[in-house]
Structures are given as C-alpha cells and as structure tokens.
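Some notes on the structure that comes next.
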Amino acid sequence: MAVTGAQIVVELLKKHGVEVVFGVPGGSVIPLYDVLYDEKEITNVLVGHEQGAAHAADGYARASGKIGVCIATSGPGATNLVTGIANAQMDSIPMLAITGNVRTVMIGKDAFQEADITGITLPIVKHSYLVKKVEDLPSAIVEGIHIATTGRPGPVLVDVPVDMFTATLPVLPDMEAALPSYQPTYKGHRRMIELAAKMIGEAKRPVLYVGGGVIRSGAEDELAQLARKLEIPVVNTLMGKGAFPETDTLSLGMTGMHGAAYSNYAMNESDLMIAVGARFDDRVTGRLDKFGVGAKKIHIDIDPAEIGKNVQVDVPIVGDARMVLSELVKRVKKCDASEWWRQIRDWQRQYPLTYQQSAEEIKPQYVVEQIYDLTNGEAIVSTGVGQQQMWAAQYYRCKRPRQFISSGGLGTMGFGLPAAIGAQMACPGQLVFDIDGDGSFLMTIQELATAVVQKLPIKVAIIHNTYLGMVRQWQELFWRRRYSGTRLVAQPDFVKVAEAFGATGIVVEKPDEVRPALERSLEVKDVPCVMDFRVSAEENVFPMVPAGGALDEIMTDPALWKSVDKKRSRKAG
Ligand SMILES: Cc1ncc(C[n+]2csc(CCOP(=O)(O)OP(=O)(O)O)c2C)c(N)n1
Ligand SMILES: [Mg+2]
C-alpha cells in the first residue's frame, strides 16, 4: 500500500526511537499532524510558542542523550524556531527540526507564510535539507537523524513543502544513512595519544579541563578513571557540569568568568592543561594572550575545527572523548602533584566560594544552596540566563552527567522552563527544578500551559530580583551604576500568573520561609509549582573575571575580604 510523505516521516521517527515531538501545527504541517493524531507510540506535545518547542526538544536531548524533535509550520512557525536551533548548535545538542513549507510550486513566490528557512538557518545548523521530491524525503530524515546524533552532535533542519507530506511512495523504503563524505573521526591518533601520555608523565602542575563534549560522548567513566589514576585536579566548564562529580575531592568545580577563584588560579598556574571536549570559550579563557602562558596544552575534541581555533595547542587529539580517554588511561602513570595540591588547597582555603548571608533579605545563593540540600544534589536543574544561572552553577554541585541543563554558548534567556519541560518528559520519575530569572522566565512563560497540560511537576524557583540582574551588575561595576533598561518595573504577580495557568504558586519573602516553601513544592504533584523568591535586588555574582580580563585578575566580593586585586576592584566599583 502506498505511503504518504507524512506517514514516512512518522514511521522513520519511530524506527529511530523518537517517543515525543514538540511543536505547533499550521497549514503546511497539517498532514503531518494528521498522522500524529492516530499515533500511539509518539507523544505529540503542543507548546505555546515554537521557541518553546525547540528548547523543549533541546532539554529532552540533554536529559536523555537521545535526539530531540521539534515541528513548526512554514513562515513564522519556522522563524520562531531560529533561537532554539542556534542554541542547540552552540551547545552541540542533537536535534531534528521539521518545518513545513509552502507548496513546491509556490516556493520563491512570496507565498502566504513563506520563509526561506533553510537559508535563514544556514549558519546555525549542522546540516539542512529542503525536500523537493518525495523520493528524497526518507533519506533526508534518516540522514538528518544520523548527522544530528553522530560526531559532534548538532541540529539538523528538514524543510518539507506541504505537497511533499501528501505525495506518496509505493512502499516505505528500508534504508540506512549512506554518507561517504561524512565520516567523523572517533579513534584518536595513536602517536598523539602516546605523546600526550608522555607529557602527562612529565607534568608537575597538571589540570584536567573538561567540557560538555565529555557528556555528549558518554565519557564520564573513562574521565573518572584517568583523574583517579593520575590524582590530578579537575575543573569543568558550565557545559561540563556533571562530567566529573563536583563533590569529588579532585574537583575544583567550575572555571571561567564566574568560576571559583581557586579553579581559575589552577588553570592559570598549571604547566599542563588536558582539555577534553572543551573549546577554550572566551568565558573560560578570559584574555587570551595571558591565558595559561606557562602551560603545555593537550586538546581532545571530536571536531577538528576546534583544534587551534582559539588557543594554540601542543598535542591535538581529534577523536571521541570516550575512546581517546580509554586509550590514554592505559598509558599513563600517577603524577607527582603533591606540591601542586598543596598550592591548590591553599587557594581553596584562602578564596573559598562564598557569600554574605543575611537574616533580613533572601540571598539568591541561599535559595540555590537550600535547593541543593533538600534535593541531596540529585535533581535535574535547568536555568535561565543571567546571575541566577551563575549562582545555580556555583552552588548546585552536580554529581552526574545530564543533570545540569543550561544555555551555555548562546546564553538564551527563556531557555529554563521549556528545557525543564523537555527534561521532565525525558525523565518522568525525576525531580526537575528550573532555577530561573524573573526576566528570563517571562520570555517563555506561556509554556506553563504546556507543563500543566502534560501534568509535569516541575519546580520553578524564580530568583526575583526585579532586575535584568546580570546586565545591571555590569552597569554597576563598569558603567557607573547607570541602570539603563535593566529595572523590571512592572513584574506580574507570579503567584497569580501560576494560578491562572492552573499551576501552584508560592511567594517567599523572608529567609526563614525559603526551606518550608521548597518542602511544600515537593508535595505538589501533577502540576508545576512556581516559587517567587523575592531576593535581594542588587546582589552580585562573585567572583568575576571582568570581560576581557585575565584569569588572575579575578575580582572577589569586596564586602567579604580584601580583593585579590584591590586596584582593579576599586576602579570597577
Ligand atoms: C534572549 C536574550 N536577550 C538578552 C540577553 C542579555 N542578557 C543576559 S543576562 C540578562 C539579564 C537576565 O535577567 P534575569 O532573567 O532576571 O536574570 P538575573 O540576571 O536577574 O538573575 C540579559 C538581558 C540574553 N542573554 N538573552
Ligand atoms: Mg532578574
């Protein structure tokens, strides 16, 4: 019996293990939605805005390790996906975005709801297809999934004119992706691995610098073996949270602009950096000409384009982190890093990650600490973007991969709630917290309806500081407190908003109400619980490497102790 393009898409999604799709229908995708209507094996999640669909697919992928799928109609539906696609591209998230388009004969005629979405997204996808013949539809889906999920993962867009959904093929082709020119390198070069092992053997102040690539590759066990065998410090990026347990004595936690001072000092003073699945992002390196000048560098990455992109390295190893680490670990011996550890422990004592507690005002860091304590560090945590994201990263220490779901590369406000929806769909039995900003939350607040319909017991902790706080912090420190456009003057009553959507809302105004509110939220089943934490308005995220500064120019909270670099912080303040 003949099959339609829409049936082909759905059958191939099922064949590749897709269990949930997020989207909004429209004229160009009605045939696809019509097939989904009868489909038992795929949950069809209607979201409020296509950006929410892309972020939910992204959150689903991050939490599950599987591909996330989103669907949008032609024109505005497709363009609404753009931010979410760019977000997935920057953080290497496997995603399939299926868009409808106007009929093939109408393409290029400025037809109603026509947008050149393959053109628009060209720089922000790993690959894309515009299907012009129904014969090409099966390979576009199969190859698309293959490309999105292999090598360095990323988003693939398949744009399908509506008549391709209704056109038929005599049978559903049984096919595998055949892409001779796309062959990612998984196995690291043996000679390079040997060189790396030798370099590690000679190092006195080595540091393992691990990023999201470790999580994408599933290399956490191999990484832990290497770290434990060598007994050397491990720092992680924002994306690398959970790649190595941040609770481990070898872990120095997050490095970079808002990483712990000791973690940044360790990076800067090291004589050997072993970068694994990390890309020397500017938020990690700070000023490049002062970054790790005394360190040799080994760079393990599956994407050859990352090697030497920002930083020249001594030993490049192109390959899959898991495969490379498992080879490397066989060839190394324990390092003698006792002197180095003495120095690091000293820094840890001198510059701990800390903040000033208050009995009157709720400190945002305290809220995160309490969430951490109550959930025993086991929850899945998504975030918005801004100060709250950095406090979540600093104070919610992650024990396992896929636990921390945050927009790293693009820094997309509004990511938190839809990403939490995707994560909760992927992990129904687990506790999911969205630690969000008052500004960020508003950007995709409509997805509360999605969470209510799907009966998702997500806990939303709004760090309500009445500011676009991170921008305000920069204005305070570097722009003479000229708070232009950063005061959120007319925030809605978040409790009423939550209730209007059919969720539970709790307002929290005093420090001693924080814990009881969180405990109450755990009792809320089947609907989201929105907690409005009225926190101190002008709290800053410290420590901080000023943009463009070197890692050793890190500023600590002037109120806590004498700044590491007094001159700089006085000037900035
Ligand atoms: C979509 C988007 N627009 C603008 C920005 C720039 N930006 C970065 S942080 C920030 C403030 C975020 O405010 P809020 O969500 O309240 O978080 P807070 O910093 O107060 O914790 C802004 C506007 C961004 N990252 N994303
Ligand atoms: Mg805010």
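The values are calculated or read from the model by the stated rules, or taken from the named source; none is laboratory data. Just so we're clear, the structure is a prediction, and the values are computed from it rather than from any experiment. Here Cβ is always computed from backbone atoms with ideal geometry, including for glycine, and neighbour counts include all displayed protein chains. Heavy atoms of the whole protein, side chains included, go into the accessibility calculation; ligands, DNA and RNA do not. Shrake-Rupley method; radii C 1.70, N 1.55, O 1.52, S 1.80 Å.
Once you treat every alpha carbon in region 164-275 as an equal point and sum by Debye, what is log10 I(q)/I(0) at q = 0.10, 0.11, 0.15, 0.19 Å⁻¹?
Treating every Cα as an identical point scatterer, log10 I(q)/I(0) equals -0.42, -0.48, -0.71, -1.02.
Hey, if you put +1 on the Cβ of every Lys and Arg and -1 on every Asp and Glu Cβ in the chain, which of 461, 1, 131 ends up farthest toward the positive end of that dipole?
The residue sitting most towards the positive pole is 461.
Once you have the Cα-Cα distance between residue 249 and residue 356, take 0.36 nm times their residue separation minus that, and quote the gain in nm to one decimal. Write down the numbers at each step before the final one.
Details: separation 107, 0.36 × 107 = 38.52 nm, distance 2.45 nm.
Computed gain between residue 249 and residue 356 is 36.1 nm.
Taking the Cα centre of region 111-268 as origin and charging only Cβ (+1 Lys, Arg; -1 Asp, Glu), how large is the dipole, in debye to the nearest 20? Working shown, then result.
Numbers: 14 positive and 17 negative charges, 185 e Å.
Dipole size: approximately 900 debye.
Separation of region 309-327 and region 422-484 by C-alpha centroid, Å?
Using only Cα atoms to place each centre, the spacing works out to 35 Å.
Straight distance only, please: which aspartates and glutamates reach the Cα of residue 296 with their own Cα at less than 13 Å, same-chain residues fewer than 8 apart left out?
Partners found: 202, 269, 271, 314.
Count charges around residue 548 for me, please; just the other residues with Cβ under 10 Å from its Cβ, Lys/Arg as +1, Asp/Glu as -1.
Counting the neighbours of residue 548, the net charge comes to -1.
Provide the net charge surrounding residue 204, with neighbours chosen by a C-beta distance below 10 Å and charges set as Lys +1, Arg +1, Asp -1, Glu -1.
Details: positive: 205; negative: 202, 271, 336, 339.
Combined, the nearby Lys, Arg, Asp and Glu give -3.
Return the tail of the calculated pair distribution for the chain, meaning the percent of Cα-Cα pairs more than 41 Å apart. Don't skip to the end; give the middle numbers.
Numbers: 41197 of 163878 pairs.
That tail contains 25 percent of the Cα-Cα pairs.
Could you pull out every residue, at least 5 positions away or on a different chain, whose amide H is within less than 5 Å of the one on residue 240? Hs are placed 1.01 Å off N in the peptide plane, and Pro or chain starts have none.
212
Just report the Cα centroid separation between region 250-275 and region 48-64, whole Å.
Distance between centres, Cα-based: 31 Å.
Name the residue from 192, 219, 237 whose Cα lies farthest towards the positive end of the charge dipole of region 148-253, charges +1 on Cβ of Lys and Arg and -1 on Cβ of Asp and Glu.
Farthest along the dipole direction, towards plus: 192.
Using a probe of 1.4 angstrom, how much of the accessible area of the chain is carbon and sulfur, in percent?
Values: 11660 of 22560 Å².
Its accessible area is 52 percent carbon and sulfur atoms.
Could you pull out every residue, at least 5 positions away or on a different chain, whose amide H is within less than 5 Å of the one on residue 507? Hs are placed 1.01 Å off N in the peptide plane, and Pro or chain starts have none.
532
With labels modelled as points extended 7 Å from the Cα through the Cβ direction, what inter-label distance (nm, one decimal) is found for residue 2 paired with residue 509?
6.8 nm
Normalised by the residues of the chain, what does the relative contact order come to in percent, with Cα pairs under 8 Å and at least six apart? Don't jump to the answer; show the numbers that get you there.
Values: 1355 pairs, mean separation 79.7, N = 573.
Worked out over the chain, it gives 14 percent.
Hey, can you find the accessible area per residue of the chain for me, probe 1.4 Å, expressed in square angstrom? Provide the component values of the computation, followed by the final result.
Values: 22560 Å² over 573 residues.
Per residue, the chain has 39 Å² of solvent-accessible surface.
In the chain, with Lys and Arg counted as +1 and Asp and Glu as -1 at Cβ, which of these residues, 415, 500, 17, has the Cα nearest the positive end of the dipole, that is, farthest along it?
415
Calculate the FRET efficiency for residue 132 and residue 496 from the Cβ-Cβ distance with a Förster distance of 35 Å, rounded to the nearest 0.05.
On the way: r = 50 Å, r/R0 = 1.42.
Efficiency at R0 = 35 Å is approximately 0.10.
On full extension of the chain, what length is gained from residue 345 through residue 66, given 0.36 nm per residue of separation minus the C-alpha to C-alpha distance? Working shown, then result.
Values: separation 279, 0.36 × 279 = 100.44 nm, distance 3.89 nm.
So the chain would gain 96.5 nm between residue 345 and residue 66.
Excluding residue 434 itself, what net charge comes from residues whose Cβ is under 12 Å from its Cβ, given Lys and Arg +1 and Asp and Glu -1?
Numbers: positive: 459; negative: 436, 447.
Here the charged neighbours net out to -1.
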